[in-house]
Every structure is written in C-alpha cells, then in structure tokens.
1. Which of the residues belonging to segment 105-127 are open to solvent by less than 50 Å² (accessible area, probe 1.4 Å), assigned to a helix (DSSP H, G or I) and without any contact (Cβ under 8 Å) to a residue 60 or more places away in the chain?
2. Output the residues belonging to segment 409-427 that are closer than 21 Å to ALA609 by Cβ and crowded, with 24+ Cβ neighbours inside 10 Å.
3. Applying the selection to segment 489-500, what residues are open to solvent by 40 Å² or more (accessible area, probe 1.4 Å) and not in a strand (DSSP E or B)?
4. Identify, by number, the condition in (1) farther than 19 Å from HIS452 by Cβ; (2) modelled with pLDDT under 75; (3) not small (Gly, Ala, Ser) that ASP412 doesn't meet.
5. Counting only residues that are over 20 Å from the mean Cα position of the chain (by Cα) and surrounded by fewer than 21 Cβ atoms within 10 Å (Cβ to Cβ), give me the strands (runs of 3 or more DSSP E) lying completely in segment 230-322 with at least 1 of them.
6. Is it the case, given these coordinates, that ASN93 is in a loop (DSSP other than H, G, I, E, B) and surrounded by 20 or more Cβ atoms within 10 Å (Cβ to Cβ)?
Amino acid sequence: MQKRKIFKIGIAMAGAVSAGAYTAGVIDYLLETLEKWDRAKKLNEEVGEESPMYDFSVPMHDVVIEVIGGASAGGMTAAIAALAMFEGIKPINEYNPEKKHNKLYDSWVNLNDAQGLPTIEQLLQTGDILANNEVQSLLNSDPIDAIADNAGILSQIQDLPEYISANLQIILTITSLRGVPVAVNFFDTKVREELKKLEQEGAKDVFGVSDAKYQPAHRMYVHKGIAHFMVSRTPGQYRPSHVVPFQPEEENDRKLLLECAKATGAFPLGLRARSLDNIKLDYIKAMVYRMFGLHKNPKLEQAIEITAESDPFSLVAVDGGTINNEPFGEIIEAVEEKCQAEGNPYAIIMIDPFPNFAEDKTKKYKKPTSLLDLIPNIFGAIRAQAMVKETDLMRGLSGDGTRRMIFPKKNDDPYPIACGALDGFGGFFSREFREHDFHLGRYNCQKFLRKHFTISLDKLETAKVFSDWKSDGHDPRHERFFVPNDLGGPGFYPIIPDMGIANMARSEYHEAYLPEPVKLKIRPSEIFKLDTLLGLRFKTVLDYIFALNTAPDDHYNKPVHQDVDHLMRQYYGEKEKKANQPSFLKRVFLWAWRTFLTRILGKNIAKRAIKIILLDFRERDMLEM
C-alpha cells in the first residue's frame, strides 16, 4: 500500500465570549468532514484500485490537525475539542437528531441550562458571594465550573483518528496578574561568574572590579503566558521543556487542562480570576525564552534571566484575550517546527467570530483635548498596543504556509452573528442565539472548505502532496471538487474535500448544502424578567464592597504606619482620633445609609443595564417590537 502524503494544519481560535458557540460549530463541521473523508479513503484502500467499487474521485492524501489553540472562548473551545477527540466525534447533523454526545454542542449551546435554570440567571445568583464572603467577580462563575467539570468527564477514551496528530498540541493563552520577573543584564555574565569564583577562592581585588557583580539589571515583568500541552501517551516519550505532557486517561491531566481553559476564559472582572499553582519554574523559563525567541539563540540566555525565586511558581490568571486575543503566532511556530522536521506542507486556519477587516470609514478621528477625552484614549492606546504582537506578525508573514480565516457571514446581514450583541455577551441571554451561531459556524465552515481552503491548479506540480492530481482537465476529480476561478485563470482544488459534494459518476452521492440559519429575535419580556436578579446581584456586590473592606489590614498595624498616625494626631489634634472611632449611633446611621445607598444604586444600575441591553439588541434588529 502506498504511503499517503500528509498536509498539516494548525487552528487558531480568537476570543469570542459567548460567541464560542460559533467557533464550536466551525470545529464540529471540520471534524465531521475529515471523518467522512477518512472513511472514504479507507474504503478505497480496502477494495483496491482494481475493484469497480474504487472511487477515483476521492483524493488519497491526508490532512492532519497538528496544533489547536486559542484565547478566551477560543482557548476553551480548543481544550473541549481536544477532549472530545478522545471520546469520538458525533457531529450535530441529520444523523444525530437528538443532538447528544457532542461536547462542543453541550458546552457552548446548552451551557449549564440542564440544571433547570437558564445559565444567564445562574450567572446572576449571589450564592458565590455568600459562600466566599467576598466579591470575586461581577458575575457568578460557578456555572462555568460546572460546564468545565462536565466537559472533563469522558464516557470512553479511544485512540485519536488518523486526521488528528498522535502528539496533538493544545495552546491556550493566559494573562498572569503576577507576571514573571525578567532581568536584562547590562554587564558581562562571564566576567561576573569569574569574579565570584575568585572571591570565593580568597583572591584580593586590586582594581576594585568585583563591583561588577553588583551591577543592576533592567527588570520587567512578563504578564503574557502560554499553557502549552502535548498529547504524550507513550511512556518516556521526549518532550520539549516548554510543553506540558497530556494523557487523557489521567484525571489530573484533564483537570489541569480545564483549569487553564477556565483561566483563559476568565473575562476580566466579569468572571472569576483563576489561580494556577505548582507550575515548575523550568516550564516558566522555557515559556519566556521561547516567547522572546531565545530558544533559537542560546547566547542571549546569558543576557536575559528569569529571576523568579519560588519553585514551583504560582500565579493568578485572567482572560488570555486581554493581551493576546489571536495567538496565531504561537500556533504557526508550533506547526512550522513539526513540518520543517518532517518536510510537510502546512496551513494555518484562523477562526475569528469578530474580525476587524477595516476601519469604519464613517467615523472621523476626533482629536482629544480635555481630560475626559484623554482618559479613554490613553487606556484604548495601551490595550491596542498590548494586542500588537510584532514577533507573531513576523512569524505569520515570513513562513511558507497557507493562511486562511473563517468568520461569520450571512447574505446582506451586517450583524450575522447573534452572540455578538453586548460585546459578545449576547449569547448568554438566549439559547436560541447560541444554537443559531453554532449552525452558522457549520454553514460558514462548509463554504470555506468547498470554496476557499483550496490550492490553485497551477501549483499542483510544486505542491508535493497534490502531485498525483492531474491539472490537464481530464480527471474525474475535476467534475466533483473542481472550483472554477470566477476572475479567470487557473481553478482550484480543495485541500480538504467535502464528501457531500455530488459525484457525477456515482448516484449514491448527493450534494448537501447546509441552510443559512434564520435570524432570531428576543422578546423584551425575556430581558425585563432579569431586572430583579440584576438589581439583587449589583446590590450584593456593592454591599460587600462597601461593608467588608473595612477590616483592618495587618499592613496598617506595622510600627511605621503607627508612627505616621502619631504624627497626624500631633498635627491635626485629637479630633482625628475621635473621628476614627465613631459612636454607636453613628455606626448605626452609617450602616443604614450604606444599606439605603446600595439598594438605590443596585436598582439604578440594573435599570441602566436593562436599557443598554435593549438598545444594543434593537440596533442589531434582534429585538421583537
């Protein structure tokens, strides 16, 4: 049997909040297509070319997913998809009318609704605040934990299909609030080490050059983080130091993957920040060196040092999309390394529910002058600059791989994605919105595979994987999969053939086009019924912020603080001391005022939030009037 030629792909998934349902739909259709094609190839190999059952229209090369990763909702989808691959793919199509046994669908469309209460209402419950006696996030994150826990349960564990790499890599971005301390040395490291050695041996420093060992370094903190996993099911298998081994059979491995998934999806302030503990310092160092490209230039390791002293290292992480929302650079680098070692061509597919194609021509630049104008412009500039990844751009543009993007598109609809309302939170308000976007993802993926993820006929001779395809127009595959060039010139072949396309020579095949999902709307009553829950949530948040942050901090009991208090009383008199010790009646009055204030604020904030929600849905023509 002739060995199949291999084309590898890496999949990068951008942040999306609730629009992760769209990304999940794209992955669902992609895996379904690869599975159908794999079965057709295996059938051909079983019957042999001499058999009348052999289907010459089926391309016999392989496409293998080598790396899958993302930020925020994209990273969560990557982790869930990786787990689903070990359980077996059961796509959401006509053969699965009950829509069961599909982790992507369960996690993103159903969310935690199975508990009998819509997930949006669970996000507004106050049990998390009462249980922890503190406010950890604006929304209750317990439903996120339940979804992740459910995703980590595998009913069965089987070998990965041939279109998934046996050493699949999973890359998730995180934002570390602690940061990794990094020192850039401005002295000769070798000289410093020699001086230390001489000093230890008791040598006398005649010229005073030993001060060189005390020269300072430029210190900074790296808050960008990468959780990089690789499936490693073979004992003793080699793995690079920047990679965490992952075995699906190990419950702890699954938990770690899902903890990192929850961390990359921890929307700042909105959802609970996540603690990642017991990270080996060797991994932290390898991650940072790789981020700076030092793994390719060992000499520079002397100039840049990781100065973290604790091993293992612990940190608190929030949404990976905060500073790295489209981690295509990391995906490209991982795929390139594998393909260069094995000599395979490759492609990178970006799935982006909210692409920024061009600047809005209707909006004119307004020069900021006042303080109120400058504040949002400054924070906007800081965030935008943090999102620019110079090294990623160089990786993406200098490689030889094919680059393609899947994004939401419907005919004549400026707002094709339902979950896009409220900056991506719209999907939490309606399961139907998430269902719509899941099927929109499948719909867009079908069109992408059939029309856009292709290779030109004039490149068949140089593309080794496709060299057995004929470009003279006398091949059955032209009739089935050929994509004409509407602009003239050579046509195209799909890199991943969709077996739903009809084979003119065999009547049992049919052309299956997915329908475009119908635009949905939400009733105002569905939003107004959240008013009470919103008010209670905001009131409880304010109660705890105002009331519980008055506890004394050990820091303020230190002698230095007490000395300053003494100086303040000497200057301002005993009035300040008495003012800091309110009477019983004053404490009662303050409690009553705080309670009244939080109730009023809670109700007003809820009312304002309801209006903002209604306005956004109305602007997108998603509100029933």
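The values are calculated or read from the model by the stated rules, or taken from the named source; none is laboratory data. Quantities reported herein were computed from a predicted structural model and do not represent experimental measurements. We place every Cβ from the backbone using ideal geometry, glycine too, and count neighbours over all the protein chains shown. Heads up: the accessible areas ignore ligands, DNA and RNA and are worked out on the full protein's heavy atoms, side chains in. Shrake-Rupley method; radii C 1.70, N 1.55, O 1.52, S 1.80 Å.
1. So in segment 105-127, the residues open to solvent by less than 50 Å² (accessible area, probe 1.4 Å) come out as 105-113, 119-124, 126-127.
Next cut, assigned to a helix (DSSP H, G or I) only: 105-110, 113, 119-123, 127.
ASP106, GLN122, GLY127, listed by residue number.
2. Pass one, segment 409-427, residues closer than 21 Å to ALA609 by Cβ: 415, 418-427.
Of everything in segment 409-427, those that are closer than 21 Å to ALA609 by Cβ and crowded, with 24+ Cβ neighbours inside 10 Å turn out to be ALA418, CYS419, GLY420, ALA421, GLY426, GLY427.
3. Just the residues of segment 489-500 that are open to solvent by 40 Å² or more (accessible area, probe 1.4 Å), to begin with: 489-490, 492.
Selection gives GLY489, PRO490.
4. Answer for ASP412: the failing condition is (2).
5. Values: elements: 244-246, 274-279, 304-306, 313-319.
In segment 230-322, the matching strands (runs of 3 or more DSSP E) lie at 274-279, 304-306, 313-319.
6. Numbers: in a loop (DSSP other than H, G, I, E, B): yes; surrounded by 20 or more Cβ atoms within 10 Å (Cβ to Cβ): no.
Spelling it out, it is not the case that ASN93 is in a loop (DSSP other than H, G, I, E, B) and surrounded by 20 or more Cβ atoms within 10 Å (Cβ to Cβ).
For (1) more than 18 Å from MET499 (Cα to Cα); (2) part of a helix (DSSP H, G or I); (3) in contact with a helix residue (DSSP H, G or I) (Cβ under 6 Å, 6 or more places away or on another chain), each residue gets a yes or a no:
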position	(1), (2), (3)
GLU35	no, yes, no
ARG39	no, yes, no
PRO52	yes, no, no
ILE68	yes, no, yes
THR77	yes, yes, yes
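Conditions tested, residue by residue: (1) modelled with pLDDT of 80 or more; (2) among the aromatic types (Phe, Trp, Tyr); (3) over 30 Å from VAL518 (Cβ atoms); (4) open to solvent by less than 40 Å² (accessible area, probe 1.4 Å).
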{"residue": "ASN324", "(1), (2), (3), (4)": "yes, no, yes, yes"}
{"residue": "TYR346", "(1), (2), (3), (4)": "yes, yes, yes, yes"}
{"residue": "PRO353", "(1), (2), (3), (4)": "yes, no, no, yes"}
{"residue": "TYR365", "(1), (2), (3), (4)": "no, yes, yes, no"}
{"residue": "ASP373", "(1), (2), (3), (4)": "yes, no, yes, no"}
{"residue": "PHE407", "(1), (2), (3), (4)": "yes, yes, no, no"}
